[in-house]
Amino acid sequence: MVPFLFSVYFRDKPNNMKNRITALAFGTLLMACSPKTVVQPTSPKTPETPAVEVASTASESVRKGKILYENNCGKCHRLFSPTEETAENWEPILKRMQKKARLEDADMALIHDYIFANLPK
């Protein structure tokens, strides 16, 4: 039915192809002469993570502990600020997570130093 209606509509238009070519040329010219807008690429915004402050008297073990904490703990979950939990809560958390993360005792001691150095006094 649609091809029939299409042919009936365009049957009465003798310059149909000429009209189409003219419309196409006009449309192309119109697009070519329109102002160009250049979209500048933007860097994607990354959500800011809360800054975990290191105590002002940061020792080497605290610095190494922070690096270990960020590299090991951040693989599986978001990094929690040491101030989000109390010292009593951190002890079982660190023991449990040492087993899950398969951390050596020496590395866990450094992470422990980092966490406890940044707990509120």
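Laboratory data are not the source of any read-out in this text; all were calculated from the coordinates shown. A quick note: this is a predicted structure, and the numbers were derived from the prediction, not measured. Positions of Cβ are backbone-derived with ideal geometry, glycine not excepted, and every protein chain shown enters the neighbour counts.
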Per residue of region 101-106, what does 6.51 cos²θ - 1.76 cosθ + 1.60 with θ = phi - 60° give for ³J(HN,Hα)? Whole Hz please, x for Gly and Pro, Karplus curve as stated. 8, 6, 8, 5, 4, 5
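What is region 60-117 by shape, rounded, prolate or oblate, if you read a ≥ b ≥ c off the alpha carbon gyration tensor as root eigenvalues and call it rounded for a/c under 1.5, prolate for a/b larger than b/c, and oblate otherwise? All intermediate terms of the calculation are to be shown ahead of the outcome.
Values: a/c = 1.20, a/b = 1.05, b/c = 1.15.
Rounded.
Let me check I've understood the local charge: for S61, count other residues with C-beta under 12 angstrom from its C-beta, Lys and Arg +1, Asp and Glu -1. What total comes out?
Working: positive: R63, K64, K66; negative: E60, D107, D113.
Neighbourhood net charge equals 0.
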Taking K and R as +1 and D and E as -1, what net charge do the other residues with C-beta under 11 Å from the C-beta of H112 add up to? -3
